[in-house]
Each structure stands twice: as structure tokens, then as C-alpha cells.
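Working notes, beginning with the structure itself.
Computed from the coordinates by the stated procedures, all read-outs in this text should not be read as laboratory data. Not measured: the values here are computed from a predicted model. Here the Cβ is made from the backbone with ideal geometry for all residues, glycine too, and neighbour counts use every protein chain on show.
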Amino acid sequence: MQAAIERFERYLRIERNASPLTLKSYADDLECLLIYFREQAGGVPEPEAVHIALLRGYVSYLHACGYKRSTIARRLACLRTFFRFCCREGICPTNPAKALRTPRAGRKLPHFLTTEQVARLLEAPPANEPAGLRDRAMLETTYSAGLRVAELVGLNLSDWDRDAGVLRVRGKGRKERVSPVGSYATRALDRWLEVRIPDSTASAEEQDAMFLNRFGRRLTTRSVGRLLKDHLQTAGLEQITSPHTLRHSFATHLLDGGADLRSVQELLGHKSLTTTQIYTHVSTRRLRETYEKSHPHASGSLSNDQAAAG
């Protein structure tokens with residue numbers, strides 16, 4: 001089993017070009033399965049000996065441990081992918097995870113900030129020191145281009161075409177897309193680049209990083225999260241806000257401002273339009289305005305006859 005898992009992880013890393021976060025997620029999910037085998041099923045079986053009844057016991061174990069439905073669904077998806085790989089590689093004759101039923105999970109609505117809250121957050125970093133200029137540039141860029149935090153820290157200087165006003169962004173699965181950069185983010189980036197000093201002893205790839213830590217090396221996603229917490233406190237905003245909240249706010253404000261769903265899908269780099277549709281719940285104001293303008297009985301005072309009939 002361990003050898004099959006190592007082959008699978010190598011396949012994800014080399015052939016699927018999976019991101020470090022994706023690799024870690026798969027590794028954690030498969031380690032949870034191994035723990036179940038060792039502690040609850042009397043030992044780790046060979047991959048070809050795994051059967052549906054054994055995996056159903058694993059699902060019951062996950063529920064008994066109190067895992068969220070979304071976590072269980074992700075772990076079952078991992079099993080299906082792993083055993084499908086084993087079938088293709090001739091390790092297993094069939095996929096025992098294929099018949100597993102995924103628990104239905106209610107989809108959480110994304111947390112987003114209002115335009116006024118976004119403005120407060122963007123102004124929170126101090127503008128009179130390099131770290132503050134960097135953080136303003138990071139927040140402006142994230143909101144302007146709707147970036148994931150991993151996409152943000154992965155940006156290089158060479159990814160920014162200032163004249164064209166666009167960024168080359170490497171998304172999930174190393175898929176690239178082009179994202180526009182607004183004037184506010186452009187000005188913030190200009191100011192940051194004036195004080196940006198990379199570590200001269202670092203590799204060329206490290207020195208090309210758009211956003212650097214105090215040692216002149218590429219920032220990590222965890223560092224961005226810590227920095228955001230400080231600025232949220234300064235701005236007096238909820239601590240449940242995460243770097244991804246700015247991406248949610250980006251999509252929400254575009255739709256609320258009249259952008260069509262397909263365009264927002266492209267800007268976010270979503271593979272499926274279904275993923276983007278979750279943001280439509282906040283566009284009711286625009287829909288209401290359209291309704292008021294278009295429907296003949298939507299607005300206006302009632303006539304005396306209508307009022308009497310009512």
C-alpha cells in the first residue's frame with residue numbers, strides 16, 4: 001500500500017503538475033486512511049485486497065470522528081482518484097471506492113467585504129515604510145485581480161506587463177491566465193517596487209519574486225495570512241476575513257456592478273461556471289434595479305381604482 005501511495009504522489013507531482021498544497025492535501029487524506037487501517041481494521045491491506053465493505057467502514061469511522069461533510073467528501077474524492085490510478089497502473093483489478101456515496105454538503109456562501117470595508121482594509125497598512133507599501137500593494141493586487149493567496153505569492157516581476165496593465169497568473173494545476181490590474185493596484189505596485197530590495201545571495205527565481213519578506217526573499221502564504229490579521233485589527237474588521245475574502249469580494253463586486261457571469265469565471269480562473277455561480281446571491285440589488293426599470297408593474301403609485309381593488 002505504501003509503495004502504491006508513493007507512486008500515486010509521484011504521478012500527481014510529475015504528470016499532473018499538482019501544487020504543493022494539493023500534494024499535501026492528498027497525502028493527509030491517504031494518511032488518514034492508513035491510520036484507520038492500522039487502528040480500526042487490523043492492519044494495512046494490500047491495495048488489491050481493499051473492498052467496498054472495508055471502505056464503508058472507513059466512511060462510518062470518519063462520521064464517528066466528527067469530521068465535517070465537506071472533509072469527508074474530499075477524502076472520498078481522494079480515494080476514488082487513488083484507486084482509479086491503481087486500476088490504470090494494474091495494481092488493483094477494480095476501483096473499490098467507485099460505489100462510495102458522497103455525503104451531500106450544503107454549500108457555504110462566501111464571506112465578502114463591502115466596498116467601504118475593502119477601502120478601509122486597503123488603507124490600513126502604513127504608507128510611510130517599506131513593509132506597509134508592500135502590504136498595500138499586495139492587498140490592492142489581490143483585490144484588483146481576484147487572486148488566490150498562492151497565486152499572489154507566486155507572482156514574479158516578469159509576470160507584470162505594466163504597459164498592458166495585466167498580470168500573468170499561475171493558478172491551480174499550474175494553469176495560466178491573464179488578469180487585468182487596475183490603476184489603484186498599479187500605483188501601489190509602483191510605490192512598492194521603488195523600495196523593494198531582494199536578497200542578493202538568493203537564487204534568481206527568489207530575487208524575481210514580486211513580494212518579499214524582510215529578508216528579501218519570497219513571502220509565504222502563511223505570512224500573508226498573519227499580515228492580514230494585523231491590518232484587519234487596524235481597520236476594525238472581522239477576524240474571520242482571510243486573504244481569500246478579497247477574492248470573494250472581487251467577484252461579488254464585479255457581479256453587483258453588472259459584469260456577466262462568464263467574464264467573472266474567466267477572471268477567477270474557474271474551470272466550471274457552477275463554481276462561479278455561488279457569487280450570484282449578492283447581486284440581488286442589481287437585479288432589483290433592472291426589475292424596477294423593466295417591469296411595467298414594478299414601481300409607481302397605485303391609482304385610486306387599483307388601491308380600492310387592493
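A few remarks follow.
- Candidates P243, P130, P45: whichever shows maximal mean-square fluctuation once the chain is modelled as a Gaussian network with Cα springs under 10 Å: P45
- Taking the Cα centre of the chain as reference, the dipole from Cβ charges on Lys and Arg (+1) and Asp and Glu (-1) amounts to some 920 debye.
- Three-way shape label, segment 2-88, alpha-carbon gyration tensor, a/c 1.5: oblate
- Across the chain, the relative contact order, built from alpha-carbon pairs under 8 Å that are at least six residues apart, equals 15 percent.
- Only DSSP H runs of four or more residues enter the estimate; each adds -39500 (n - 2.57), and after division by the residues of the chain the mean residue ellipticity at 222 nm equals -17000 deg cm²/dmol.
- Put in order of Cβ neighbour count within 10 Å, fewest first, the listed residues V153, V178, V50 become V178, V153, V50.
- Short-range pairs are left out: with C-alpha atoms under 8 Å and at least six residues apart, the relative contact order of segment 115-289 is 24 percent.
- Considering only alpha-carbon pairs that sit under 8 angstrom and 6 or more positions apart, the relative contact order computed for segment 2-88 is 36 percent.
- Residues T141, T81 arranged by fewest to most Cβ contacts within 10 Å: T81, T141
- Any cysteine of the chain lacking a neighbouring Cys Cβ under 4.7 Å - listed by number: C32, C65, C78, C87
- Here the chain is scanned for GluC sites (Glu not before Pro) in DSSP loops (not H, G, I, E, B) that have at most 13 other Cβ atoms within 10 Å, and the longest stretch holding none of them is 90-237.
- A cut-off of 5 Å between modelled amide H atoms, ignoring neighbours fewer than 5 places along the same chain, links S19 with G173.
- Tensor-based shape of the chain (alpha-carbon gyration tensor, a/c under 1.5 rounded, otherwise prolate or oblate): oblate
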